[in-house]
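Everything below concerns the one structure shown next.
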Amino acid sequence: MKQRIFLSPPHMSGHEQHFVQEAFDTNWIAPIGPNVDAFEKEIADYLNIKHVAAVSSGTAAIHLALINLGVQQGDEVLVSSLTFSATVNPIIYQNAIPVFVDSENDTWNMCPELLRFAIEDRIKKGKTPKAILPVHLYGVPAKIEQITAIADEFNIPVIEDAAESLGSKVNNKHTGTYGKMGILSFNGNKIITTSGGGALISDNDELIQHARFLATQARDNFPFYHHTQIGFNYRMSNVLAGIGRGQMKVLNQRVRQKNEIFQFYKSLFTDIEGVVFCETPPNSNCSRWLSCIVIDFEKTGGKTPAGFIEALETDNIESRHIWKPMHLQPVFNNYPAYTNGVAEKIFNQGVCLPSGTAMTNNELQRIANVIESYFS
């Protein structure tokens, strides 16, 4: 059987073991430690942002951001519908109400026009949203300047979900740094990984300090264990931060490799009618965490996403469908949603292609052969 080609597996740089060994040699195994401090500084320097709290996951970072903004039971949070459920789950953790906003065609991300309509409609209904949570999907920046301008107009804070977009920029400013807070993910399939982990980022020191406090079980500054708030076990371990430090050394290289993979796919699909890629906003740079396409089966002679995924799987190549929109998920379908049909169409027609930066030329050729065979 042919060796499996995974969608986006971890790709080690060779530097990770040095920092991990250092953690073992100094017995800094538990959460916090020198690697955590250094990793936070390296992320802050890379993003040109003042403060970073390394935590156990991107989900934890969103949860802490919502708490920082005082989101609580009954509050409404406007959130992208076309995303992974981890974006939305922390809203439910706070017993708050997700209000889903559909996508626009270009980037597949939150539609600014629909966002404005949703805000105005929620206000008419007597419920000003407590926060806006847009996602930079698959590494493609949302139209974040428009989104933050609308948010500022209504004085609603923005939390950017940049879990999939580390390395992406709009007008030379990193995604995740436009809002009041941003979140990153270092899950095993992300552009760099700490095995499991994430970060909350902000220029506001008070917010990050409070997040660190909450993430370490909210222990008050007393000579004994004293708690006045509910806390969480959300801090990143010193060992995993060591992995992250090794990964940071090759982040720019990984962004280049992701874009080379994207261009490889673009060239393969150039002459195939009915297959298109999502577009980047003007004046932006995209990390292209995953290269994704939509297949219009009416223009491809009946070629479908499911059929293409099956053809790849037959050659032991992993791909997957685009995220199913949150407003169509059984667990969320009773919550308010402002839709235009774009996210549902992308879900029905979309495929995420193998995008691992360690793929060999032979593996890329295997994928190319399947594409040529299926769409010929």
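For segment 66-106, enumerate the residues that are in contact (Cβ under 8 Å) with a residue 24 or more places away in the chain and more than 30 Å from Lys345 (Cβ to Cβ).
Within segment 66-106, the first condition is being in contact (Cβ under 8 Å) with a residue 24 or more places away in the chain, and the residues that meet it are 66-72, 75-91, 93-94, 96-106.
Result: Ile67, Asn68, Leu69, Gly70, Val71, Gln72, Asp75, Tyr93, Gln94.
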Number of the exception - Trp289 against (1) buried (at least 21 other Cβ atoms within 10 Å of the Cβ); (2) over 26 Å from Ser57 (Cβ atoms): (2)
State whether one or more residues within segment 233-252 are of a type in the set (S, T, N, Q), assigned to a helix (DSSP H, G or I) and closer than 16 Å to Leu166 by Cα. yes
Unique residue being over 24 Å from Lys169 (Cα atoms) and either modelled with pLDDT of 95 or more or of a type in the set (A, V, I, L, M, F, W, C) (or both) when the list is Val79, Val99, Val55: Val99
Does Leu200 count as in a loop (DSSP other than H, G, I, E, B), crowded, with 17+ Cβ neighbours inside 10 Å and either under 15 Å from the mean Cα position of the chain (by Cα) or without any contact (Cβ under 8 Å) to a residue 60 or more places away in the chain (or both)? no
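Using the structure shown, decide if Asn259 is surrounded by fewer than 19 Cβ atoms within 10 Å (Cβ to Cβ) and in contact (Cβ under 8 Å) with a residue 60 or more places away in the chain. Break it down into steps so the answer makes sense when it comes.
Details: surrounded by fewer than 19 Cβ atoms within 10 Å (Cβ to Cβ): yes; in contact (Cβ under 8 Å) with a residue 60 or more places away in the chain: no.
For Asn259, the condition - surrounded by fewer than 19 Cβ atoms within 10 Å (Cβ to Cβ) and in contact (Cβ under 8 Å) with a residue 60 or more places away in the chain - is not met.
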For segment 7-36, what are the residues that are assigned to a loop (DSSP other than H, G, I, E, B) and either buried (at least 17 other Cβ atoms within 10 Å of the Cβ) or acidic (Asp, Glu) (or both)? Ser8, Pro9, Pro10, His11, Ser13, Trp28, Gly33
Any chance you could count how many residues in segment 94-129 are under 22 Å from Ile230 (Cα atoms), surrounded by 15 or more Cβ atoms within 10 Å (Cβ to Cβ) and of a type outside the set (Val, Ile, Thr)? 2
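The values are calculated or read from the model by the stated rules, or taken from the named source; none is laboratory data. Everything numeric here is computed off the predicted structure, so don't read it as measured data. Don't worry about glycine lacking a Cβ; one is built from the backbone with ideal geometry, like all the others, and counts go over all protein chains shown.
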